[in-house]
Amino acid sequence: MKARRLTAALMLVVLTAFNVAFAVEDAALEASVTIRLADNKYEKRAYPLEVSQDAQLLTIPAADVPEGAISLDVQHPWSIARAGEDGFFVLPNGMYGTWRDLPDGDYSNGSVVMQTYGVKTPRGALAAILTGMNYEARHIVTLRQGEWRVFVRYQLNGDIPYEDFKIEYRVLPSDRSTYADMAAVYREYQLGRGEVRSLKERAAERPELAYAAQSPEVRVRLGWKPVPSPVPEQNAENEPEMHVAITFQRFMQIVDEFKRQGINEAEFCLVGWNIGGHDGRYPQIFPVDERLGGEEKLREAVAYAQKNGYQVVCHQNYSDAYRASQIGGLWDENYLLVKKDGAFNTYTTWGGGNMYETCPQEMYERFPKVDFPKLRDIGFRGLHYVDVYSTVNPRTCYSKDHPLNKRQFADWVNKITEYSQETFGGFASEGGFDYCVKHLDFALYISFQKPDKELPKLIERQVPYWQLVYQGIVLSNPFADTTNYTLKSPVARLKQIEFGGRPHFYFYSKFKSDGSHWMGDADMTCATDEELRDSVAKIKEGYDEFKKLERLQLEYMTSHDQLAEKVFATGFGDGTKIVLNYGDEAFEWEGRSVPAMDYVVFEPKK
């Protein structure tokens, strides 16, 4: 396509080579921009940075981008380093690296869980905050012949930008430029603009949130159809049978066992209570499945758990839809998200068959106003769980009837999350993507990275960067693999503590027939009374450990340091410090011994 004319005031020098010399000094700071065009050609430009006392502001007007552009790479001169130089980079998913001498390689972060990242080189230290077209952004790390680069890539795929590209590069002083300092910059940014408020403030206003902050999350998967589905497009004649693992009556027996073993607080989330079980016929959820006991028994079970002192919520999903919903008369292609080529996206199969992505505008306008009051009437109250949204980036809907860019997608999702808080007293979802954070009270897991597995080659370690921003703002479980952590390796236990996790346990986390269990192979089960007793005993271990540390859920995480090769320390706003030893020998610190594969809590000094 023919490029639009650039505005004369912002027409900038085209760079003659992409490899800008990394020795650029403070005089005339500018960011280099490489635009990839549809014909696989490139335009290279430089944009000046507006420099203030503690920030450098970059704006690339939307009108400057040629029509049909595929992507924009934006490189700050301070985020280029030679191997062996001092400094580091940290990405929003916690991936951290130093400027080591390594073979050439690349790392791309497609999960931009937060709109920020940090870099420190001898040129300076930056906490970058993406504020325009940020949902199109990805973070890229490259190493070529000893030269490291960290930059942002905006994926446009030929779409016209709907707003200017903007990045605030916050400059940190050399004596306060750790990744914890960088995280604090973003935390204060989010607090300062009113996007989030502290858990202490919100828990004082909402008893459901206050209760959740002192209790583990226990998910109970009741029923499900085969996953992956052997029937991609389901109807009344070919719908597979649902497997019943836990009835509502059996759930009440789980409650009894919790009481018997002395677990006095827990938030239960019932998964697969709805017609067809887990992801059975979304967006159809009613009637409550009779094979589990039906609606009256569900009401009885919820009331029974609440009478015994527990909070009870349920699992829902508005992100996906299944043709199986036609059985209940709710299938309508008009609420599906439309791809650029006009097709619908069915990226996998689940219990209901082919999983179709949905448009959140259509979902909000059709379903929550009907579903939520019914669920509230059944008795559910607490951090109501709506699946998927906070673990994926906002999507574009190309429908002619309900088009949405990614920012509009985020806005409509937040209407659903806000309504959840208003109706049930809270909102929870699957991950920690911060376009949902305004109303997010609990994130089921922040990372899918298995903490004891090998990291990508340019990554040195994974640090609790998300937690350094949002601990004390959002309750969270750090990894999918720390689900049921008391059944797993000592590493899972230490990561749960190091990353400030709210414990998350799951009855029947393993349910897929293909064996791909993303929450791990260790599971809580209750097919027999012995299994139930054993599972609850392992939950009790985590409960007792959590009760000693629960106060830290309301505190900001303020520091994270490596004390030795396999020893780390996590600090909190009240002065508490936890030292964790992943080594095979005891570690001495401040007059105390930290045993191998264990941790010690250092209480605030008075």
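The values are calculated or read from the model by the stated rules, or taken from the named source; none is laboratory data. On a predicted model such as this, the values are computed, not experimentally measured, just so you know. Because the Cβ atoms are built from the backbone with ideal geometry, glycine has one as well, and the counts that use them run over all protein chains shown. Heavy atoms of the whole protein, side chains included, go into the accessibility calculation; ligands, DNA and RNA do not. Shrake-Rupley method; radii C 1.70, N 1.55, O 1.52, S 1.80 Å.
Placing a label point 7 Å from the Cα of residue 264 along the Cα-to-Cβ line, the residues of segment 519-560 whose backbone N sits under 15 Å from it are 543-551.
In the list (i) 55; (ii) 47; (iii) 43, the label attached to percent of Cα pairs over 33 Å apart as derived from the coordinates here is (ii). Near residue 110: Cβ cut-off under 11 Å, other residues only, Lys/Arg at +1 and Asp/Glu at -1. The net charge is +2. Identify all lysines with a Cα-Cα distance to residue 339 below 22 Å; exclude those on the same chain that are fewer than 8 residues away in sequence. Counting by Cα, and skipping residues close in sequence, residue 339 has these lysines nearby: 400, 406. Put the Cα centre of segment 535-575 next to the Cα centre of segment 111-130 and the gap is 26 Å. Its residue count N sets the reference 2.2 N^0.38 Å, and the alpha-carbon radius of gyration of segment 437-568 equals 1.10 times that reference.
The residues of the chain expose on average 38 square angstrom of accessible surface per residue, using a 1.4 Å probe on protein heavy atoms. In the chain, the calculated helix contribution to ellipticity at 222 nm averages -6500 deg cm²/dmol per residue, counting -39,500 (n - 2.57) for every DSSP H run with n ≥ 4.
Of the peptides 78-91, 290-303, 340-353, the order by per-residue mean of other Cβ atoms within 10 Å, starting with the highest, comes out as 78-91, 290-303, 340-353.
Computed over segment 105-187, the P(r) curve from all C-alpha pair distances, binned at 5 Å from the origin, holds 3, 13, 22, 21, 21, 13, 5, 1, 0 percent per bin.
To put it simply, the accessible area of segment 141-261 at a 1.4 Å probe is 47 percent carbon and sulfur. For residue 166, the aspartates and glutamates whose Cα comes closer than 17 Å to its Cα, not counting residues fewer than 8 places off in the same chain, are 30, 50, 54, 64, 73, 136.
I need the shape label for segment 367-470. Rule: rounded when a/c is under 1.5, else prolate if a/b > b/c, else oblate, with a, b, c from the alpha carbon gyration tensor. Oblate is the answer for segment 367-470, as a/c is 1.5 or above yet b/c matches or exceeds a/b.
The C-alpha atoms of the chain define a longest principal axis, and helix 406-424 lies at about 30 degrees to it.
Full extension of the chain segment joining residue 529 with residue 326 gains 69.2 nm, where the gain is 0.36 nm per residue of separation less the Cα-Cα distance.
Modelled this way, with points 7 Å down the Cα-to-C-beta line, the labels at residue 513 and residue 50 are 5.9 nm from one another.
The convex hull defined by the C-alpha atoms of segment 50-199 has an orientation-averaged projected area of 9.7 nm².
Quick one: of the DSSP bridges fully inside the chain, what percent are antiparallel, nearest 5?
If I count the DSSP bridges inside the chain, around 80 percent turn out antiparallel.
Annotation: extensible slack from residue 343 through residue 596 equals 85.6 nm (criterion: 0.36 nm per residue apart, minus Cα-Cα distance). Packing, as the average of other Cβ atoms within 10 Å across residues, places the peptides 584-595, 226-237, 202-213 in the order 202-213, 226-237, 584-595, highest first. Over the C-alpha atoms of segment 156-304, the Rg to Rh ratio, Rh being the Kirkwood estimate, stands at 1.16.
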